[in-house]
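*Asks:* Have a look at this one before I ask anything.
The values are calculated or read from the model by the stated rules, or taken from the named source; none is laboratory data. Fair warning: this is a prediction, and the values are worked out from it, not measured in the lab. A quick note on method: Cβ atoms are made from the backbone with ideal geometry, for glycine too, and the neighbour counts reach across all protein chains shown. The protein model used for the area step is the full one, side chains on, heavy atoms only, and it has no ligands, DNA or RNA in it. Shrake-Rupley method; radii C 1.70, N 1.55, O 1.52, S 1.80 Å.
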Amino acid sequence: MQGTVDGFSYGVVTPLVAYLMACLGGALGLRCTTRSLLVTHSRRPAWLALGSAAIGSGIWTMHFVAMMGFTIKDTPIHYDKPLTYASLGLAIVMVGIGIFIVGYRGATGAPLFTGGTITGLGVASMHYLGMAGVRFHGQFTYNTFTVAASVVIAVVAATAALWAAGQVRGFAWSVGASLVMGLAVSGMHYTGMAALGVHLDSAPHPAEAGSAATSSLAPMLIGPLAFLLIAGVVVVFDPLMVMGGPDWTPVEHKPGVPAAAVASQAVHGPAVHHGPRPLRRAGHHRPRTPQNR
């Protein structure tokens, strides 16, 4: 028999908090990714890894905060912990692949398209793997067209976010980009939920009332929330990341500069400037004029 689904058991509370979590993870991840494009080659992987974990954790937290308001009438809901944590790992890994591609190849052209596609597929995969971890007396069915639409939304949102990470420098612009990213991620989630149908295995039992699995989800959210808090502290105490200011390496002022350009600049060295006119390099001398005899 068909089950009755309610995705808003707590009204607008869970969608609003979920949206804020997506914005927080997106903001931290975008700032970390932007910062990675403004530092030396050796420090870039650390910032990219932090950005990947921030975005992945934010998206995962957004999903399961929203799921706190999800109920199925006449059947209780539980979550398979291994699958639930596996969805977190999948989100971080696939988002990381996309971010590293953009971080090392630039936020334009084919690298941006490839990185955005992989990141978007990671977001969608996290959603549906997380849904596979939902346990109840029945099974889910999905509308193929709506699922495809949710995947497209995820890919477009991820591509736009990675582009913003490579192009946007000011803090205010980054906040705006994260708000748009949070809206897109939330839209992907609820589009995916709109594709959902529930088939119960047996007739409902009066003793089994549908309830949101808040008690089982809350403990699992503590770790990712703590990580987002730590990442936020890193952002707050790094003025260059907050303000998007340039680092000391001139070549990396350019948005989305590939790592190869950094290595090339490091080999040849930047031209030395002093005041309004550049100093001449060693080995270049003024032509001599013959002496008067």
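*Asks:* Starting from residues that are open to solvent by less than 30 Å² (accessible area, probe 1.4 Å) and at pLDDT below 85, keep the ones in the range 3-28 and report whichever is farthest from the chain's Cα centre (by Cα).
*Replies:* G3
*Asks:* Which residue is nearest to the chain's Cα centre (by Cα), if the candidates are limited to the range 74-94 and must be at pLDDT 90 or above and open to solvent by less than 10 Å² (accessible area, probe 1.4 Å)?
*Replies:* Filtering first and then ranking leaves A91.
*Asks:* Among the residues of the range 95-122, write down those that are at pLDDT below 90 and out of contact with any helix residue (DSSP H, G or I) (no Cβ under 8 Å at 6 or more places or on another chain).
*Replies:* G109
*Asks:* Follow-up question, since we're still on this one. Mind listing just one residue for me: the one in the range 117-137 that is in a loop (DSSP other than H, G, I, E, B) and open to solvent by 10 Å² or more (accessible area, probe 1.4 Å) and, of those, farthest from G26 (Cα to Cα)?
*Replies:* Of everything passing the filter in the range 117-137, H137 is farthest from G26 (Cα to Cα).
*Asks:* Taking the conditions exactly as written (out of contact with any helix residue (DSSP H, G or I) (no Cβ under 7 Å at 6 or more places or on another chain) and modelled with pLDDT under 85), does G138 satisfy them or not? Before the answer, list the steps.
*Replies:* Details: out of contact with any helix residue (DSSP H, G or I) (no Cβ under 7 Å at 6 or more places or on another chain): yes; modelled with pLDDT under 85: no.
No.
*Asks:* Of (1) farther than 16 Å from G56 by Cα; (2) surrounded by fewer than 24 Cβ atoms within 10 Å (Cβ to Cβ); (3) over 12 Å from the mean Cα position of the chain (by Cα), G103 satisfies all except one. Which?
*Replies:* (2)
*Asks:* Could you tell me whether the range 134-152 includes any residue that is under 16 Å from the mean Cα position of the chain (by Cα), in contact (Cβ under 8 Å) with a residue 40 or more places away in the chain and more than 19 Å from V5 (Cα to Cα)?
*Replies:* no
*Asks:* Got a number for residues in the range 106-116 being open to solvent by 10 Å² or more (accessible area, probe 1.4 Å) and among the small types (G, A, S)? Show your work before the answer.
*Replies:* Just the residues of the range 106-116 that are open to solvent by 10 Å² or more (accessible area, probe 1.4 Å), to begin with: 108-114.
Subsequent filtering for residues that are among the small types (G, A, S) retains 109-110.
Counting residues in the range 106-116 that are open to solvent by 10 Å² or more (accessible area, probe 1.4 Å) and among the small types (G, A, S) gives 2.
*Asks:* All but one of (1) hydroxyl-bearing (S, T, Y); (2) in contact (Cβ under 8 Å) with a residue 60 or more places away in the chain; (3) surrounded by fewer than 24 Cβ atoms within 10 Å (Cβ to Cβ) hold for S42; state the number of the condition that does not hold.
*Replies:* (2)
*Asks:* Could you grab me the full set of residues in the range 165-211 that are under 14 Å from the mean Cα position of the chain (by Cα) and either surrounded by fewer than 19 Cβ atoms within 10 Å (Cβ to Cβ) or at pLDDT below 70 (or both)?
*Replies:* Answer for the range 165-211, where residues must be under 14 Å from the mean Cα position of the chain (by Cα) and either surrounded by fewer than 19 Cβ atoms within 10 Å (Cβ to Cβ) or at pLDDT below 70 (or both): V175, L179, V180, L183.
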